[in-house]
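What follows is a short report on a single structure.
The values are calculated or read from the model by the stated rules, or taken from the named source; none is laboratory data. If you're wondering where the values come from, they're calculated on a predicted model, not measured in any experiment. Neighbour counts are summed over all protein chains in view; Cβ atoms, including those assigned to glycine, are modelled from backbone coordinates with ideal geometry. Side chains are part of the model used for accessible areas, which takes the heavy atoms of the whole protein and leaves out ligands, DNA and RNA. Shrake-Rupley method; radii C 1.70, N 1.55, O 1.52, S 1.80 Å.
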Amino acid sequence: MAQFTHDAARELGVRIISPDRPGMADSSFVAERKLLDWAPLVSELANFLKLEKFCVLGISGGAPYAYALAWAMPERVRVIAVVSGAPNIAELGDHSGLLALYRWLMFADQRFPAPLCRLGFRLARPLLSLRPPRRSRSWLLKFLQPCDADSLRDELAFEACFESQRRAWKASAEGVLADAQLFAQPWGFSLNELRVPVRLWHGDSDRSFSFRVAKEMAEKIPNCHLRIIEGAGHYSVPIRHIREILADLIATSTTQNL
């Protein structure tokens, strides 16, 4: 999904590094991993690339990982931007702001035996790892609200979203399941412990994570700036506002160094 950033990043002179999470695409699966296990991996990668400090961008399910880096590596992370971000569900006071599918998955994870949950993900894998035929795109977009559907009619945007999903499922159902379970588990830290500047971007029509959820997250983060975008959904914010988001990251990072 880093393809979203390509044109804007080149224009702004930003280098985008987008590693796959464990069990996704070509990245090896790691059993029983925790969210905070991400920080040592990113630290090793940054050392290899000779990056002393950097900014972090987390879109949707990338949000918990961005928060984890901000908490674990405040001496290296200058600022993070979270766009249409998944919340800390374990700290969330009310789950009604989550997509109904997510609430059902949480219910299933709590009530059904683990082998049955794994079986469900394995049965879904053959379908979700397929590349959707071009003629099916208009049908798929009908399931989205108009603001998101309009954004995903762009060829690059559609390919970035659905190819990202397809490659994640193609690697293994276990990787996707482990990632999903991390979101609902305690993260190992609280948002009120963050000391890195946080820039939150959220659409007021986001159906995956309500803007009320974003507001609840923002209230817990000490140094946080929340921007609610009117008439925007889950996908349209990163697709249509990525240049603004990256420019804001640069400006905030520069301010921190003054």
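The separation of the stretch 138-204 from the stretch 95-123, counted between C-alpha centres, amounts to 17 Å.
Applying Stokes-Einstein at 10 °C and 1.306 mPa s to the Kirkwood radius of the chain, computed over alpha-carbon pairs, gives a translational diffusion coefficient of 84 µm² s⁻¹.
Over every Cα atom in the stretch 35-86, the radius of gyration and the widest Cα-Cα span, Dmax, amount to 10.4, 30 Å.
What accessible area per residue, rounded to a whole number of Å², is obtained for the stretch 1-98 using a probe radius of 1.4 Å?
On the way: 4860 Å² over 98 residues.
Per residue, the stretch 1-98 has 50 Å² of solvent-accessible surface.
Within the chain, no whole DSSP H helix has Cα atoms reaching 20 Å or more along its own axis together with a mean Kyte-Doolittle score of at least 1.6. Nearest 0.05, what FRET efficiency do Gln165 and Leu119 give at R0 = 22 Å with Cβ-Cβ as r? Working from the Cβ atoms, E equals 0.65. Trp169 contributes about 30 Å² of solvent-accessible surface, heavy atoms of the protein only, 1.4 Å probe. A DSSP coil position with no more than 12 other Cβ atoms inside 10 Å describes the following trypsin sites (Lys or Arg not before Pro) in the stretch 1-86: Arg15, Lys50. Summarising the label geometry, the points placed 7 Å from Cα in the beta-carbon direction at Lys215 and Asp154 lie 2.8 nm from one another.
Size descriptor for the stretch 178-256, Kirkwood hydrodynamic radius: 13.9 Å (Cα pairs only, one decimal). Over what distance in Å are the Cα centres of the stretch 10-57 and the stretch 61-75 separated? So the two Cα centres are separated by 11 Å. Taken per residue, the accessible surface of the stretch 124-212 reaches 51 Å², heavy atoms only and a 1.4 Å probe.
Taking the 1.4 Å solvent-accessible surface of the chain as the whole, the part contributed by carbon and sulfur is 54%.
Sparse packing (at most 13 other Cβ atoms within 10 Å of the Cβ) combined with a DSSP loop state is found for the following GluC sites (Glu not before Pro) in the stretch 210-258: Glu230. The slack between Asn192 and His95, meaning 0.36 nm per residue of separation minus the straight C-alpha distance, is 33.0 nm. Only DSSP H runs of four or more residues enter the estimate; each adds -39500 (n - 2.57), and after division by the residues of the chain the mean residue ellipticity at 222 nm equals -15500 deg cm²/dmol.
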